[in-house]
1. Which residues of segment A:83-103 show a drop of at least 50 Å² in accessible area when all protein chains are present, compared with their chain alone (probe radius 1.4 Å, heavy atoms only, ligands and nucleic acids excluded)?
2. Roughly what % of DSSP beta bridges within the protein assembly as shown run antiparallel, to the nearest 5?
3. May I ask you to give the percent of accessible area on chain A that is carbon plus sulfur, with a probe radius of 1.4 Å?
4. Would you mind checking the tilt of helix B:179-206 against the longest principal axis of the Cα atoms of chain B, expressed as 0 to 90 degrees and rounded to 10?
5. Kindly tabulate the residues in segment B:98-120 with an accessible-area decrease of at least 20 Å² between the chain alone and the assembly of all protein chains, using a probe of 1.4 Å.
6. Helix-only estimate, please: 222 nm mean residue ellipticity of chain A, summing -39500 (n - 2.57) across DSSP H runs of length 4 or more and dividing by its residues, to the nearest 500.
7. How big is the gap, in Å, between the Cα center of segment B:224-259 and the Cα center of segment A:20-95?
8. Let me check against my output: what whole-number percent is the relative contact order of chain A, with C-alpha pairs under 8 Å and at least 6 apart?
Amino acid sequence: MTDRKTLATVWLDGCSGCHMSLLDMDERLIELSSQFVLLYSPLVDRKTFPERVDVTLVEGAVASEEDLKKIRRIREHTGVLVSLGDCALTGNVSAMRNTCGPQPVLLRVYQENVDLKQHVPTVGVPALLDRVRPVHEVVPVDVFVPGCPPSADTIYQVLSELLAGRVPTLGGVAHFG
Amino acid sequence: MSRTIVIDPVTRLEGHGKITLKLDDAGIVQDAMFHVTQLRGFEKFCEGRPFYEMPNITARICGICPVSHLVASSKACDAILAVQIPPVAANLRKVLNLAQLVQSHALSFFYLSSPDLLLGMDAPPEERSILHLAHSHPSIAADGVALRQFGQRIIEIMAGKRIHPGWTIPGGVNEPLSAEKRDRILGMIPLAVAAIQRTLGWFRKEIEKFSAEIEVFANFPTLFMGLIDDRGLAEYYNGALRVIDSEGNIIAGELDPAHYASFLGEEVEPFTYMKFPYYKPLGYPGGAYRVGPLARLNLAGRCDTPLADAEWREFRATSARPLLSSFHYHQARLIEMLHATEKIEALLADKGILDKHVRAIASVNNSEGVGVAEAPRGTLIHHYKVDENGLIRWVNLVIATGHNNAAMNRGILQAARHYVQGEHIAEGMLNRVEAVVRTFDPCLSCSTHAMGQMPLTVELRAPDGSLVREVRRG
Ligand code: SF4
């Protein structure tokens, strides 16, 4: 048990699609799971990021104050940080907001397209960053896995390699989009 | 001493949300708030893009139900083209939409909620996951994996890719279905039906253990809303919107979804990025309604396929009026999976499904278009305005999960009042509060996409609001 690697998966500003592609490994996920302990993930009930995780897969770009805090903490406590998917790698669709910045977005959603009580929510919700940024602009990233989402086969290959203690090479396997 | 409890993040949820509970001096929950803490802004940043990009851009709202967005968006674009798409294209989109429903319901039921159902709400948190169930309940976990895979494979076979396929386009779809693909899908159906029936079998027995939860898991009167076909039966792609009250009376029989803005309003609360839609004639909050599997089975005359109808009859016979507890969303989800699978089979059995004419071609003929479909979680509305060149000028999206926002908040309050009491707050009490949210299967990726990272904290505050003690759960 003790030599099993520890794994975490997190989502920042993405669509969950990269996580769904992880699940698309189907029975291969169950099979692989004998080789790791999933310590922290939307799929399990732990509420705080652990002190030490061998491998963390990050979906999504950095778009809010909370994302920023979160990814810094994750970097500090992670051995191998993997940017999973185009949003994490380039900002992708999440970064389309950068064409206008957060303010017009908030006004459209909470002032214009509303019937009652027009106002921008501020209680218990994090402020949006001026610019949506890819993960490696904020913290160092060890492995980049492109795709929107990366295919289940690609994720399987990446995970298998990492669990075996190797750095995956994705030439010819993974691509953007 | 008054206290605030923060559950952050709510886990086993599609997207991250957090919950704040406010307790008074006597330790009674006075207020509950469900915060959705992210906003992505598709309604603004799509401006200036050509309308025909919208299906592919808006699919990126959600990787769990991208097909629902593809379908609703394509329908809004059909309206901008002012075309009636070829019947086979509509049927192909229907199959894709139903496959989406099956895989998404399987995710909700097996991957997210079944640990609570099989191990109990008080099971150790580290055991409450699908990976644990793969060891403790291998055959059930295997059914869950297989059913999600079934839906995803249909999408892959038809549209080329499991997540974010491009195949559904304005005017129809971009490629006809081949006989070989059809047969591959038909070949998968018997195993899927058997797995769903096995699941319904054990769930019906298991549910007896949850009578206490059924009582307080968002168990109160609300309206229900969903699409119906011209016979008043459950419909997921076309049709009119029906609204019923908690007694089962039809208060609006055939609302035209294209005119949603005349009968649905939206309200904003300061504590969440998710808005609160309501049925306008009854105002807010009186016009709060629920959508999704339970709503659809409550308001439709029946499903319209034999196996699902039998299940539907048994389900509805348990109550003389609509089922009001959101706990019943779980069973409704299973019945809908059966319904969808039977419907996929019926649609594919029709010879016309192989027709080659799958796309209507036109340019911009309307400056505005609304597209509506039933997503796994409920009614999904895309509304676009374009200029004469077809560039997007304005977008409004009313997302399935959003409709349930008011009911989710009230449901959290109801369950928290019942379970969260006293000096010692046990983990299982809080898991039940989260489990209420899970019954709705909210897709926060869609409804703005939420998240959170802080640990669960319980704060003891003095009457002046100063912090006396803080307890953290890791
Ligand atoms: S890369 Fe694509 S699939 Fe992954 S989160 Fe971003 S939009 Fe979703």
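1. For segment A:83-103, once contacts with the other chains are taken into account, A:V93, A:M96 lose 50 Å² or more.
2. 70
3. Carbon and sulfur: 53 percent of the exposed surface of chain A.
4. 20
5. In segment B:98-120, residues shielded by partner chains: B:L107, B:Y111.
6. On the way: 6 runs with 49 residues, N = 177.
Theoretical 222 nm ellipticity from helices: -7500 deg cm²/dmol.
7. 40
8. The normalised contact order for chain A reaches 27 percent.
The values are calculated or read from the model by the stated rules, or taken from the named source; none is laboratory data. Source: prediction; values computed, not measured. Heads up, the Cβs are rebuilt from the backbone with ideal geometry, glycines too, and the neighbour counts pull from every protein chain shown. Each accessible area value is taken on the protein alone, full model and side chains, heavy atoms only, with ligands, DNA and RNA left out. Shrake-Rupley method; radii C 1.70, N 1.55, O 1.52, S 1.80 Å.
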